[in-house]
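Colleague: Below is one structure. I have some questions about it.
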Amino acid sequence: MERLSRVLFLSEDGFKIFLEQLVSSKNVIAPVETDGCFEFKTIKRAGEASLNYSNTRLPPKRFFLPQREVVFKHDPKKGTLHEPLGGFEMVLLGVRPCDASALSILDSILLKPPNPDPFYESRRRSITVVSLSCAKPGEECFCNVFEAGPVRGSGEDITLTRITGGLLVEVRSSRGQALVDVFKNLFEKAGAEHLEEYGELSSRLTREMNSRIGIARERLVRLEETLDEGFFQKEAQRCVECSLCSFTCPVCYCFDTEDYLEKNIYMRAKGWDTCASPLFTRMASGLDPRASRVEMFCHRFCHKLSRIPLAFNSYGCVGCGRCVSLCPAGVDIREVLKRWG
Amino acid sequence: MSRAEEELRSIAGRLLEKKEVELVVGYEHHGRSVRPCFVSKPEEANRLVWNADCWFNLARYLRSLRDRRVGIVAKGCDGKTIVELLKENQLDRGSIVVIAVECNGVFKPFKYGLNRAERRLADYCRRCVTRVSPIADYVVKSDGQASQRENSVADGDASDWLSLFRKCLKCMACVKACPLCYCTECSIEGFKPDLVHRLRVPQELFTFHLTRALHMAGRCVECGACESACPVEIPLTRLYHELNEWFKENYGYAPGRSVNEAPPPLVFKEGWKG
Amino acid sequence: MGLNPYAPKPARIVGIKDETPDTKTFTLSPNVFEGFTPGQFAMLTVYGVGEAPFSICSSPFDKDFLQFSIRRMGRVTRMVHEASVGDEVGVRGPYGRGWPVDTMNGRDILIVGGGIGLAPLRSLVLHLLEEREKYGEIAVCYGARTPSLLMYRDELAEWAGRGVKLYLTVDVGEEGWKGNVGVVTTILGEPELDRATAIVCTCGPPVMIRFVLRRLVELGFSKENIYASLESRMRCGIGKCGHCHFGGKHVCLDGPVFQYDEMTGLPKGISPF
């Protein structure tokens, strides 16, 4: 995917019109507040979007990697049914930079040749991702560690950043360009003062976050060598193996498959799996290469911080902070980062 | 530090010092909230905290610590859980020292992606009337840590269970956070493949939740751990509360009240009711 | 949409042969692969039931069919065992890295198998026998728990006739067994090979592999020439599902055949050390 970067300015009024026209012409998904909690939902009117949000409880991963999808159908009489993939066209508005960066990690894993996942690829190609920079990083956020935010992510098509009088618009891909082209009379050329404000905002926020947790992430690969340390044993004691962390993670991509029969058609579905499940590595023979609780616990961190980087050349974490905040037992990946980073 | 916390730390410190217990399970500060912690040295007892963020039911850890002498910080519902676990022969009373802390209810946990920072009492605490654990070796009196409790069922409509279940991710956090869900082979976790396949979402979410609800009926102490752990805010405790009410009406039984009160299914006799 | 990597190609069961009380060899036709390396594996689908990885045990020179030796273990294998000739199954692959056949020219080759672990090695033996003259000595050390659990019993003699030195052993003898009794490590020293340059390929239960590797090094085989095939749970076979991601390696992509030094870098559990 080519990476363009054209910078434009959208005034506050222009943004309102942009939203209204966007909603009336395209399928738009945006954060909506329900019961005090934000979640991505289809919006029919511009006003339904709540753009004053910290972040959504669940990441937008499911639009690209649904919790469950049918990947194969076979009719015993007619043979394998080939159904064209499609109908995924939409604009995902208001994705935070961290969650957008998670998409570029998923790209490097799921689109890796020679066997790209066609289901993910098709969705990725049809969904335009418009990110909205963070103005105030949340309590548990650490996107700075992986350069996944707070202002600019790496997987979005357009980056929006609030500045005085409107928004700075960075066009990041040809998909983004195509969307901007549809509404081209709304956008202005960004001025020097806009770019200056953007630059200041970006460095201020990054500085702020670096003061909380600034580490040398390159050292994380060493995690692998020091696994037997008591640290993980102590932390694993707290873990209740609930797998909430992987289900709410914007990056966790591991999947399971299930075959079944539906109306005389043999089906295969694939969907989210989790390394916290004791069945994750257990073979039919009963052998399990990762049988101990501590190793299972370790794997989550090692996978993200060293095993994914080794295999796919990108970190498996974007620092969104969901697992830190949602873990019922208070397991905290930042402690692993601080110790090994 | 509150007076209750001070007392709690001194009790825990003493227990560890005199080696009456090998470790104390309690809560410690973590970020803007608290989390479970395991204290094994007397000088570390000052890590312990007690406040209205302590929603996690620490009795969850007791079974995995069976072979050790353990002190546990217990709210009313944690204590009720211990009672149930004792009735189900899962624990040895002699190896547990219960440090009961008087509880005025805990807050709905502050979690990611919430709009309001306002803290409010968890729904299940509004229904609860147990301030102190029914089982205790030490009792720490509260000094008014949390807000008033209303002793009334919280409002809000939870009758549309189907649409609530549809939100479920089947992440199993409810099962895993529950101290009474201790089956090594869980019927709804897919250990016996296919009973309720983890992947079959949303088709089997209803089966999943009702199977679990039936297993919790007459056992659930309504500690709210499942509901607080749930990432999509399904008010599960309310469902289990309904089933407990049915038990209470029909058999006059409520879980967690006393070790001497046997669960009706165990002592059921022909024609017995109430 | 590009090719759907999760969709198997249909093939029919054209032959079923009993190997041991719980293992059968299935012959599938047509051969849905254009070619493969011995040691590679395939995902076999029982429609509507599930899918599991199996080593291909036939020779790459057999263009008309594929063979898999399958032990009855879980749900999928139980259903495969219940299948009959004529039934349709799904196959996708070939996946993974096979035995290093390109490095074997002109060298002695030691093949060490345990139980059903001989399956991926059978593919290698058949491959080598096709052009027997290209290689030095070929020795097969094969062990099973009991004589009746030895795989491919009727073929072993034929291999010997075609230039393979065969060394058999069982953990526990049975009536009529006149051969060696003892674990496979006890016979590893018997073949007379140029140990410094010989290529060693081994597959079997993890605990066997561990002791075989140790013994091979003691006997003076060179670590860089030692390869083992490891097993792990898999779902996709193409490095996407995460189940076989151990350390920085995917068993389905970087394995199942690993070189000695690669295995030392794997985490405890999957590593035979």
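Colleague: Hey, could you check region A:233-261 for residues that are facing chain C (nearest Cβ under 8 Å) and not aromatic (Phe, Trp, Tyr) and say which is farthest from B:PRO36 (Cα to Cα)?
Modeller: A:LEU261
Colleague: With the condition kept exactly as written, say whether any residue in region C:181-189 is in a strand (DSSP E or B), of a type outside the set (Asp, Glu) and modelled with pLDDT under 95.
Modeller: Within region C:181-189, one or more residues are in a strand (DSSP E or B), of a type outside the set (Asp, Glu) and modelled with pLDDT under 95.
Colleague: So C:MET73 passes all but one of these: (1) out of contact with any helix residue (DSSP H, G or I) (no Cβ under 6 Å at 6 or more places or on another chain); (2) within 14 Å of chain A (Cβ to nearest Cβ); (3) closer than 27 Å to A:LEU81 by Cα. Which condition number does it fail?
Modeller: (3)
Colleague: Suppose we keep only residues that are open to solvent by less than 50 Å² (accessible area, probe 1.4 Å), touching a helix residue (DSSP H, G or I) at 6+ places or on another chain (Cβ under 9 Å) and in a loop (DSSP other than H, G, I, E, B) within region A:209-223. Which one would you say is modelled with the lowest pLDDT?
Modeller: So, considering only residues that are open to solvent by less than 50 Å² (accessible area, probe 1.4 Å), touching a helix residue (DSSP H, G or I) at 6+ places or on another chain (Cβ under 9 Å) and in a loop (DSSP other than H, G, I, E, B), the one modelled with the lowest pLDDT is A:ILE215.
Colleague: Against the condition within 15 Å of the chain's Cα centre (by Cα) and within 26 Å of A:ALA216 (Cβ to Cβ), how does A:PRO150 come out, does it pass?
Modeller: yes
Colleague: If you take the residues in region A:154-194 that are within 16 Å of A:SER11 (Cα to Cα), small (Gly, Ala, Ser) and assigned to a loop (DSSP other than H, G, I, E, B), which one is most open to solvent (accessible area, probe 1.4 Å)?
Modeller: Checking each candidate, the answer is A:GLY165.
Colleague: Okay, next question. Checking B:ALA45 against (1) of a type outside the set (Val, Ile, Thr); (2) away from every other protein chain (no Cβ under 14 Å); (3) not in a helix (DSSP H, G or I): exactly one of these is not met. Which one?
Modeller: Status for B:ALA45: all satisfied but (3).
Colleague: Now a separate question. Cβ-Cβ under 7 Å, sequence separation 6+ or interchain: first residue in region C:175-186 and aliphatic (A, V, I, L, M), partner in a loop (DSSP other than H, G, I, E, B) and at pLDDT below 90. Which pairs?
Modeller: Close Cβ pairs satisfying both conditions: C:VAL181/C:GLY173.
Colleague: Can you give me the number of residues within region C:99-122 that are assigned to a helix (DSSP H, G or I) and either more than 24 Å from C:PHE211 (Cβ to Cβ) or not assigned by TED's automatic domain parsing to the domain that holds C:PRO206 (or both)? Spell out how you get there, then give the answer.
Modeller: Residues of region C:99-122 that are assigned to a helix (DSSP H, G or I), as a first pass: C:101-103, C:115-122.
Going one step further and asking which of them are either more than 24 Å from C:PHE211 (Cβ to Cβ) or not assigned by TED's automatic domain parsing to the domain that holds C:PRO206 (or both), we end up with C:101-103.
Final tally of qualifying residues: 3.
Colleague: Identify the residue in region A:308-341 that is assigned to a loop (DSSP other than H, G, I, E, B), away from chain B (no Cβ under 14 Å) and in contact with a Lys or Arg (Cβ under 8 Å, 6 or more places away or on another chain) and, among all such residues, is surrounded by the most Cβ atoms within 10 Å (Cβ to Cβ).
Modeller: That would be A:CYS317.
Colleague: Now, a different point. Go through (1) surrounded by 19 or more Cβ atoms within 10 Å (Cβ to Cβ); (2) closer than 18 Å to B:ASP137 by Cα for B:TRP55 and report which single condition fails.
Modeller: Answer for B:TRP55: the failing condition is (2).
Colleague: Let me ask another. Which residues, taken from region C:1-51, are more than 30 Å from A:ARG123 (Cα to Cα), open to solvent by less than 30 Å² (accessible area, probe 1.4 Å) and of a type in the set (A, V, I, L, M)?
Modeller: Matches in region C:1-51: C:ALA11, C:ILE13, C:LEU28.
Colleague: Also, quick follow-up: Can you name the number of the only condition in (1) more than 30 Å from A:ALA269 (Cα to Cα); (2) open to solvent by 20 Å² or more (accessible area, probe 1.4 Å) that A:CYS143 fails?
Modeller: Condition not satisfied by A:CYS143: (2).
Colleague: Across region A:262-307, which residue is farthest from the other protein chains (Cβ to nearest Cβ) among those that are among the aliphatic types (A, V, I, L, M), more than 16 Å from A:SER246 (Cα to Cα) and surrounded by fewer than 22 Cβ atoms within 10 Å (Cβ to Cβ)? Step through it out loud before you land on a result.
Modeller: Of all residues in region A:262-307, those among the aliphatic types (A, V, I, L, M) come to A:265, A:267, A:269, A:276, A:279, A:283-284, A:287, A:291, A:294, A:296, A:305.
Filter again for more than 16 Å from A:SER246 (Cα to Cα), leaving A:265, A:267, A:269, A:283-284, A:287, A:291, A:294.
Pick out the ones that are also surrounded by fewer than 22 Cβ atoms within 10 Å (Cβ to Cβ) and you get A:265, A:267, A:283-284, A:287, A:291, A:294.
Working: A:ILE265: 9, A:MET267: 8, A:MET283: 5, A:ALA284: 3, A:LEU287: 7, A:ALA291: 7, A:VAL294: 10 Å.
Restricting to residues being among the aliphatic types (A, V, I, L, M), more than 16 Å from A:SER246 (Cα to Cα) and surrounded by fewer than 22 Cβ atoms within 10 Å (Cβ to Cβ), the top hit is A:VAL294.
Colleague: Tell me which residues, restricted to region C:182-218, are of a type in the set (A, V, I, L, M), surrounded by fewer than 16 Cβ atoms within 10 Å (Cβ to Cβ) and over 19 Å from the mean Cα position of the chain (by Cα). I'd like the intermediate steps shown before the answer.
Modeller: Filtering region C:182-218 down to residues of a type in the set (A, V, I, L, M) leaves C:183-184, C:187-188, C:193, C:196, C:198-200, C:207-209, C:212-213, C:216-217.
Subset that is surrounded by fewer than 16 Cβ atoms within 10 Å (Cβ to Cβ): C:196, C:207, C:217.
Selection gives C:ALA196, C:VAL217.
Colleague: Considering B:VAL25, B:VAL70, B:VAL21, which residue is open to solvent by less than 10 Å² (accessible area, probe 1.4 Å), in contact with a Phe, Trp or Tyr (Cβ under 7 Å, 6 or more places away or on another chain) and among the hydrophobic types (A, V, I, L, M, F, W, C)?
Modeller: Among B:VAL25, B:VAL70, B:VAL21, only B:VAL25 is open to solvent by less than 10 Å² (accessible area, probe 1.4 Å), in contact with a Phe, Trp or Tyr (Cβ under 7 Å, 6 or more places away or on another chain) and among the hydrophobic types (A, V, I, L, M, F, W, C).
Colleague: I'd like the full set of residues that are in contact (Cβ under 8 Å) with a residue 60 or more places away in the chain and acidic (Asp, Glu), limited to region C:63-113.
Modeller: Result: C:ASP87, C:GLU88, C:ASP108.
Colleague: What are the residues in region A:61-97 that are crowded, with 20+ Cβ neighbours inside 10 Å, within 12 Å of another protein chain (Cβ to nearest Cβ) and under 12 Å from the mean Cα position of the chain (by Cα), if any?
Modeller: If the condition is that a residue be crowded, with 20+ Cβ neighbours inside 10 Å, within 12 Å of another protein chain (Cβ to nearest Cβ) and under 12 Å from the mean Cα position of the chain (by Cα), then A:LYS61, A:LEU65, A:ARG96 are the ones that fit.
Colleague: Same structure, new question: Quick one: which residue in B:CYS128, B:CYS77 is within 15 Å of the chain's Cα centre (by Cα) and at pLDDT 90 or above?
Modeller: It is B:CYS77.
Colleague: Being more than 8 Å from chain A (Cβ to nearest Cβ) and outside any strand (DSSP E or B) is the filter here, so list the residues in region C:1-23 that pass it.
Modeller: If the condition is that a residue be more than 8 Å from chain A (Cβ to nearest Cβ) and outside any strand (DSSP E or B), then C:PRO21, C:ASP22 are the ones that fit.
Colleague: Regarding C:GLU130, is this residue open to solvent by 50 Å² or more (accessible area, probe 1.4 Å), out of contact with any Asp or Glu (no Cβ under 7 Å at 6 or more places or on another chain), more than 26 Å from C:LYS178 (Cβ to Cβ) and assigned by TED's automatic domain parsing to the domain that holds C:ILE199? Talk me through it step by step, then tell me what you get.
Modeller: On the way: open to solvent by 50 Å² or more (accessible area, probe 1.4 Å): yes; out of contact with any Asp or Glu (no Cβ under 7 Å at 6 or more places or on another chain): yes; more than 26 Å from C:LYS178 (Cβ to Cβ): yes; assigned by TED's automatic domain parsing to the domain that holds C:ILE199: yes.
It is true that C:GLU130 is open to solvent by 50 Å² or more (accessible area, probe 1.4 Å), out of contact with any Asp or Glu (no Cβ under 7 Å at 6 or more places or on another chain), more than 26 Å from C:LYS178 (Cβ to Cβ) and assigned by TED's automatic domain parsing to the domain that holds C:ILE199.
Colleague: Which of the residues that make up region B:1-40 are touching a residue at least 40 places away in the same chain (Cβ under 8 Å), among the basic types (Lys, Arg) and farther than 20 Å from A:ARG238 by Cβ?
Modeller: B:ARG3
Let's see how each residue does on (1) open to solvent by less than 20 Å² (accessible area, probe 1.4 Å); (2) closer than 20 Å to A:ASP256 by Cα; (3) part of a strand (DSSP E or B); (4) within 12 Å of chain A (Cβ to nearest Cβ):
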site: C:SER59; (1), (2), (3), (4): yes, no, no, no
site: C:ASP62; (1), (2), (3), (4): no, no, no, no
site: C:SER69; (1), (2), (3), (4): yes, no, yes, no
site: C:THR77; (1), (2), (3), (4): yes, yes, no, yes
site: C:SER84; (1), (2), (3), (4): no, no, no, no
site: C:GLY90; (1), (2), (3), (4): yes, yes, yes, yes
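Colleague: Quick one: in region A:1-52, which of the residues that are of a type in the set (S, T, N, Q) and either within 14 Å of chain B (Cβ to nearest Cβ) or in contact with a Pro (Cβ under 9 Å, 6 or more places away or on another chain) (or both) is least open to solvent (accessible area, probe 1.4 Å)?
Modeller: A:SER50
Colleague: Could you check how many residues of region A:1-41 are part of a strand (DSSP E or B) and free of Cβ contacts under 8 Å to residues at least 24 places away in the same chain?
Modeller: So the answer is 7.
The values are calculated or read from the model by the stated rules, or taken from the named source; none is laboratory data. Note that the structure is predicted; figures quoted are calculated from it, not measured. Please note: Cβ atoms are built from the backbone with ideal geometry, for glycine as well, and neighbour counts cover all protein chains shown. These area figures cover heavy atoms from the full protein model, side chains too; ligands, DNA and RNA do not enter into them. Shrake-Rupley method; radii C 1.70, N 1.55, O 1.52, S 1.80 Å.
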